[in-house]
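Heads up: the structure comes next, in structure tokens.
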Amino acid sequence: MASRESVAPTAPPPRSTSAWRWLSALAQALIVVLIGETGVQLELARQTEEQRALVLAYVAGVRARLETELNSTLYLSSGLVAFASARADLLDVAHVTDLLSALYKTGRNVRNIVIAPDNRVKWVYPLAGNERVIGLYYPNNPQQWPAVERAIKRRGTIVAGPVDLVQGGRGLVSRTPIFRSNGEYWGLLSLVIDWDSLQKTAGLEAESSEYRLAIRGKDAEGARGAVFFGSEQVFAMRPVESQLELPGGSWTIAAIPAGGWTTPSIRIQALRLLYCVIAAMIGSLAYRLMQEKHERELARDELARLNNELEAHINARTAELRSANDELARMVQTLRKTQSDLVRSEKLAALGALVAGIAHELNTPVGNSLLAASTLMEKLRQLTKGDANLKRSEWTAALAQMHEASDIIQRSLGRASELISSFKQVATDRTTAQRRRFTLAGAIHDLVVTLQPSLRRSGVSIDEAEIPDIKLDSYPGPLDQVLMNLIQNAVLHAYPSGGPGRIRLSATLDGAWVCIAVEDFGCGIAPENLSRVFDPFFTTRLGQGGTGLGLHIVHNIVTGTLGGEIDVKSEPGRGSCFTIRLPLHAPIQPDDPSDHAAH
């Protein structure tokens with residue numbers, strides 16, 4: 001490590017005075033007070049908006065009820081107006097009385113209905129109590145003629161009132177002009193609505209425990225009209241307003257809370273007290289922090305001195321660690337060389353065991369062939385003797401023996417040929433480790449045939465499950481080495497006392513991947529060892545023929561050369577299962593010339 005450059009000590013910052021600390025603490029407390037008051041104002045605004053929303057909902061309900069009651073009553077006259085327009089000259093007392101009676105009984109809040117052809121009242125219902133209205137000529141009545149004249153000019157319904165009725169009480173007067181089908185004015189239809197009854201059916205209350213209500217717009221004059229319901233003071237207190245549209249005008253409905261708009265509540269006062277307390281606490285804390293900062297500044301100089309001493313110790317220790325690190329690097333290099341030598345020995349030992357097994361296995365078919373060939377030559381010598389005088393039965397028996405000897409020679413040599421062919425393919429793949437296209441079933445079969453001689457002596461058999469027709473573009477040599485190491489590991493560890501035992505090989509296709517399972521039914525792996533089986537030099541049979549490199553080599557080949565994954569599952573007493581998941585097309589190895597040639 002390079003030595004550090006010496007840094008000239010800098011002048012310490014000026015120490016903060018007590019007065020400055022007090023001013024800073026007061027400023028922070030004031031900021032908290034401003035923020036708190038802003039929050040209080042926002043809370044007040046929120047409460048006001050929430051209160052106005054409730055009042056708006058109340059006003060909307062009042063308007064909807066009034067609108068429903070008025071429309072259900074005012075629109076009763078639509079049918080009568082249409083009938084009168086079409087059949088004005090055919091109206092008689094019987095027809096009109098029936099129509100008015102039906103309208104009166106259907107409508108709600110109706111006091112009376114009047115029809116005045118040529119502006120003179122001719123029919124009224126109910127007649128009782130309204131007899132003096134008969135014959136009234138509107139142009140001669142200065143109280144009613146202006147409204148009638150306005151309805152005629154507007155050629156539509158207008159609503160007047162509420163007004164005091166001669167019969168007693170108050171009412172709304174709806175006046176609708178009737179025109180013939182040719183557009184000529186015929187007369188007037190008046191409908192009187194009882195205001196007191198309308199208030200009850202619409203649920204109107206000028207004052208309640210929650211709200212104060214007022215309505216402006218007498219004679220449907222809207223905001224210009226007089227207040228005819230509730231107190232005019234409501235309109236002076238920022239009420240929530242809503243317009244109710246009427247034929248020929250409108251009403252303005254307004255409401256406020258019964259107790260007025262929101263005033264600072266106990267909650268608001270509590271919030272103010274809270275932020276004042278918080279401001280005092282923050283100011284006090286700020287003063288303490290600045291005082292502690294002053295103390296830290298005093299301690300910083302002492303720390304800088306100690307840091308210089310520590311840096312000298314670190315430089316000395318760094319030199320010692322550099323020397324130890326160089327020694328450790330040399331030891332790691334030696335260990336890697338030793339590991340490489342052990343891996344090479346492991347591969348050669350496996351290949352030597354394979355050769356020994358094949359040689360031993362070839363002795364049987366070759367010996368059988370030699371014995372059968374000797375028997376065949378002896379029989380031929382007997383048959384070709386010049387003085388041989390053989391019977392037909394002897395000749396037939398000799399031919400049968402010769403045929404049997406030929407059959408034995410053919411089967412034995414065929415078996416030897418299969419062993420040699422499988423061994424040749426496996427040995428070639430193991431020694432060259434080149435990439436090529438091959439079938440998985442063929443590779444597994446060649447390996448099983450090659451391993452059968454050595455496995456037979458250990459009492460362990462290999463069960464080949466039905467392997468699907470899977471073609472791989474990969475490295476058969478490394479794959480053979482992986483399967484051979486897994487099988488030999490199973491023989492050594494799953495059946496430590498020897499056979500009988502069984503190892504099962506199977507494979508399934510999973511899209512662009514193939515899953516190969518090597519399963520034994522032996523003693524299994526202890527749970528505490530299951531996560532370490534692929535570690536280098538880990539073995540439970542150290543000094544008994546296990547080096548701890550077999551599964552480590554398997555893991556490196558599967559995840560490196562073959563580009564796959566390997567996993568193991570095991571239960572003590574129920575065997576182990578190694579699952580290899582490989583791509584159908586192995587990744588290209590940069591140092592493999594066969595890849596560049598094939599692709």
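The values are calculated or read from the model by the stated rules, or taken from the named source; none is laboratory data. All figures in this text were calculated on a predicted structure; none of them were measured in a lab. All Cβ positions, glycine included, derive from the backbone under ideal geometry; neighbour counts span all protein chains shown. With ligands, DNA and RNA removed, areas are computed over all heavy atoms of the protein, side chains included. Shrake-Rupley method; radii C 1.70, N 1.55, O 1.52, S 1.80 Å.
If the chain between T559 and E295 were fully stretched, how many nm would it gain, using 0.36 nm times the residue separation less the Cα-Cα distance? Before the final figure, lay out each step's value.
Values: separation 264, 0.36 × 264 = 95.04 nm, distance 5.95 nm.
Residue separation times 0.36 nm, minus the Cα-Cα distance, leaves 89.1 nm.
Using 17 Å as the cut-off for backbone N distance, which residues of the range 167-204 belong to the label zone defined by a point 7 Å from the Cα of D118 along Cα→Cβ? The answer is 178-180, 184-189, whose backbone nitrogens lie closer than 17 Å to the label point.
For a straight C-alpha distance cut-off of 22 angstrom, the lysines reachable from K379 (same-chain residues fewer than eight places away being disregarded) are K391. The simple Förster model, with R0 at 22 Å and r as the Cβ-Cβ distance, assigns T384 and D407 a FRET efficiency of 0.55.
Computed packing ranks the peptides 132-139, 60-67 as 60-67, 132-139, most packed first, by mean other Cβ atoms within 10 Å.
Full-extension gain between R46 and L30, please, as 0.36 nm times their residue separation minus the C-alpha to C-alpha distance.
The span from R46 to L30 would gain 3.3 nm if fully extended.
For D567, the solvent-accessible surface computed with a 1.4 Å probe is close to 80 Å², ligands and nucleic acids excluded. Rounded to 0.05, the FRET efficiency of the K569 and L285 pair, given R0 = 56 Å and the Cβ-Cβ distance, is 0.40. With the whole protein complex present, E327 retains an accessible surface near 80 Å², based on a 1.4 Å probe. Accessible surface of Y75, taken over heavy atoms with a 1.4 Å probe and every protein chain present, rounds to 140 Å². Extension gain for S458-Q243 works out to 67.1 nm (0.36 nm per residue, less the C-alpha to C-alpha distance).
Tell me, what is the per residue accessible area of the range 183-241 in Å², probe radius 1.4 Å? Walk me through the numbers before you get to the answer.
Numbers: 2780 Å² over 59 residues.
Value for the range 183-241: 47 Å² per residue.
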